[in-house]
1. Find the all-direction average of the projected area of the Cα convex hull for segment 102-217, expressing the result in square nanometres with one decimal place.
2. Can you classify segment 209-321 as rounded, prolate or oblate using the Cα gyration tensor, where a ≥ b ≥ c are the square roots of its eigenvalues, rounded means a/c under 1.5, and otherwise it's prolate if a/b beats b/c and oblate if not?
3. In what sequence, highest mean first, do 254-261, 42-49 appear when ranked by Cβ atoms within 10 angstrom?
4. Check the straight Cα-Cα distances from Lys155 and name the lysines below 20 Å, setting aside those fewer than 8 residues away within the same chain.
5. If the cut-off is a Cα-Cα distance under 17 Å, which lysines reach Lys291, setting aside same-chain residues fewer than 8 apart in sequence?
6. Which whole-Hz couplings ³J(HN,Hα) result when phi for each residue of segment 87-92 is put into the Karplus expression 6.51 cos²θ - 1.76 cosθ + 1.60, θ = phi - 60°, listed in order with x for Gly and Pro?
7. Highest mean first, how do 116-129, 212-225, 274-287 rank when packing is the count of other Cβ atoms within 10 Å averaged over residues?
8. Where does the charge balance sit around Thr317 when Lys and Arg score +1, Asp and Glu -1, over other residues with C-beta under 12 Å from its C-beta?
Amino acid sequence: MSKHFTRRTALGGVAGLAATATTGAFAQTTAWPARAITLIHGFPAGGPSDLIARILAEGLTKALGQSVIVEARPGASGTMAAGQVARAAPDGYTLMVIPSGFASAAATFAHLPYRSVEDFAPISLVSEYPYLMCTNAASGIANVAALLQAAKTRKTPLLYGTPGIGSGPQLAIELFAQKTGVKFQHVPYRGSAPASAELLAGRLDFMMDPPATLIEFVRNGRLNALAVSSAKRYFALPEVPTIAESGVPGFDVSAWQGLIAPAGLPEPIVRRLNAEVVRLVDEPATIARLKTFGNEPAPSSPEQFKQRLVDDIALWTALADEIHFEKI
């Protein structure tokens, strides 16, 4: 070693290396995006996640100057696709739209190919909507109080249908049951369409589902809308009260879609994506598009989105434990 190699020289060299590394990282970030971005979701084309992904892809393509390509990778309620995204490079070229079922999966799946919080970088919530609680119009049950009275006076539990075991509507109704002290009988189906058909036929007593599934039957008088699950009333049915307004204080459940990336995404890219998503979702044209399929805009900061995810996972995990949910 040269006698001229001093501690000051060593520190200077380390500082120089750090500066070079920082400059290199900054250069990579400022060059982003330099090629097409893949926007993944884990559900079939044409569903809510696909619609949200296509709105985002169209807006981000214009804002970023690079193509954003939507890629559907359905399977295992979106968990397979999420596992693939968790293992992708955190370079801003792999993004994912997730639904609120991403949070409930943490409570209802025995094994997941990722860690629900640690393996992802939240970017922004995009939209949300409540569940709509409905009964068959011929049942004579027209409000939440009447539903609870029927549940308490009948010899057998009221039957409720859902699009599947562990679905958002099942958990919402089980939370409703927990808060009211009433027991209901779950009847799972393979999707919302067969469940709503059974409700219309009078073979189910009630159900909760996204408004897009049930609202037309409410409007044509075949179903009674009892309440919505969110803390505030729903824009498309302002006359329908919330469950909280109907005698269950504090009840607040809504479904949502949001944008995530693999953990470790550089902060400047997170902030750029967040700013573009918030701007896009606040545009009147985007708001109008979201409302055509029953969603309301709900842009957020990355920190707010992460907290929503953490809170929802905690809520559904506690409920699953309380009702002894048999994990999928």
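1. 8.8
2. Here segment 209-321 falls in the oblate category.
3. Highest-to-lowest ranking by the protection proxy: 254-261, 42-49.
4. Lys183
5. Leaving aside lysines fewer than 8 places away in the same chain, those within reach of Lys291 are Lys232.
6. Calculated HN-Hα couplings, in order: 8, 6, 5, x, 10, x Hz.
7. Peptide ranking by packing, descending: 116-129, 212-225, 274-287.
8. Every neighbour counted, the sum reads -3.
Every read-out reported here was derived from the displayed coordinates using simple, explicitly stated rules and does not represent laboratory data. Worth saying up front: this structure is predicted, and the values here are computed from it rather than measured. Here Cβ is always computed from backbone atoms with ideal geometry, including for glycine, and neighbour counts include all displayed protein chains.
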